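Working notes for the structure below.
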Amino acid sequence: MNQRIKKVIFGSNLKMYKTNHETLAYLARLQELTKDILRDLLELFILPSYTAIADCCRMVDPALVRIGAQNVHWHSEGRFTGEISARMLQELGADFVMIGHAERRQFFGETDLMVNKRVLTSLNIGFHVLICVGDSAQDKELGIFKERLSMQLKTALHGVKKDQLSRVWVAYEPVWAIGEGGTVATPDYANSIHNVLHNLIEDLYPEIGGQVPILYGGSVNMNNAADLIVQPRIDGLFIGRAAWDANNFNQVIRIAIQAIN
């Protein structure tokens, strides 16, 4: 196991797929299935829809499953129809937010600078953040994927203080690997990109940059989870549709942990 981290991190973004009732049923089952796994080995998080966050925070044991939001605005209030602020999320019980997901960038026009504003606002209010970065198929074809990832990550971390870095996670999700038609990255390739990202953070934050976990996300399932998680630079798995059934997610987690041990 990567000696840089104490725990292996598993999580899933439910996107816009489950209603409030469905999310609560899913979380109740997931919590029950995984409660026997020692949490000094495992960190587990779920990102439900906004409408489910309050009920999820009331229902789950935060020591077993961490509940976060799929996005957040950088203003605390204002004329921003359809947005949600960190203060609002905080009141619901959340203290964790994902920022910069590929779908937000692709479908909603989020820029690297907007991601940075969200990151700084979230950290300043005391939140934990998961920063998503990813290269497109075109970036890969043109051989500029390292530059793209570097730009995304360096911009996202601009202004982040050293004492805030302990509340930062990063997820590498190649755009060409996510979704139903995604092409699975080989474990060696994923590890090589994680190495690039780890080195970049360590250059920005000497001595402490190596403490930032980097998760891999992109068509992770029961067939490849073990091969991915044993890679020395992969600190966790950010799982899509393979995690949206609690029984399946439990199996993925156990397969990965067994592979590490």
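Every number in this text was worked out from the coordinates using simple rules, so none of it is lab data. Remember, predicted model here, so these are calculated numbers, not experimental data. So basically every Cβ, Gly included, is an ideal-geometry build from the backbone, and we count neighbours across all protein chains shown.
Some notes on this structure:
- Of the GluC sites (Glu not before Pro) found in region 54-133, those in coil by DSSP whose Cβ has at most 16 other Cβ atoms within 10 Å are 77, 83.
- The dipole here belongs to region 105-261: it is taken about the Cα centre, uses +1 on the Cβ of Lys and Arg and -1 on the Cβ of Asp and Glu, and is about 380 debye.
- Ranking 44, 222, 256 by Cα position along the charge dipole of region 8-260, where only Lys, Arg, Asp and Glu carry charges on their C-beta atoms, puts 44 farthest toward the positive end.
- Radius of gyration over Kirkwood radius for region 48-153, both on Cα atoms: the Rg/Rh ratio is 1.02.
- The overall shape of region 155-195 is prolate: from the C-alpha gyration tensor, with semi-axes ordered a ≥ b ≥ c, the ratio a/c is 1.5 or greater and a/b exceeds b/c.
- 25 Å Cα-Cα threshold exceeded, pairs from 15/146; 140/161; 18/154; 35/162; 117/162: 15/146; 140/161; 18/154; 35/162
- Mean sequence separation of contacting Cα pairs (under 8 Å, at least six apart), scaled by the length of the chain, corresponds to a relative contact order of 20 percent.
- For region 102-254, the fraction of C-alpha pairs more than 27 angstrom apart is 21%.
- Peptides 167-174, 118-125 ordered by average Cβ neighbours within 10 Å, highest first: 167-174, 118-125
- Ranked by how many other beta carbons lie within 10 Å on average, peptides 150-159, 31-40 from highest: 150-159, 31-40
- Sites residue 63 and residue 147, calculated FRET efficiency, Cβ-Cβ separation with R0 41 Å, nearest 0.05: 0.50
- Cα-Cα separations in region 1-104 greater than 25 Å, expressed as whole percent: 24 percent
- Its residue count N fixes a reference of 2.2 N^0.38 Å for the chain, and the Cα radius of gyration divided by that reference is 0.94.
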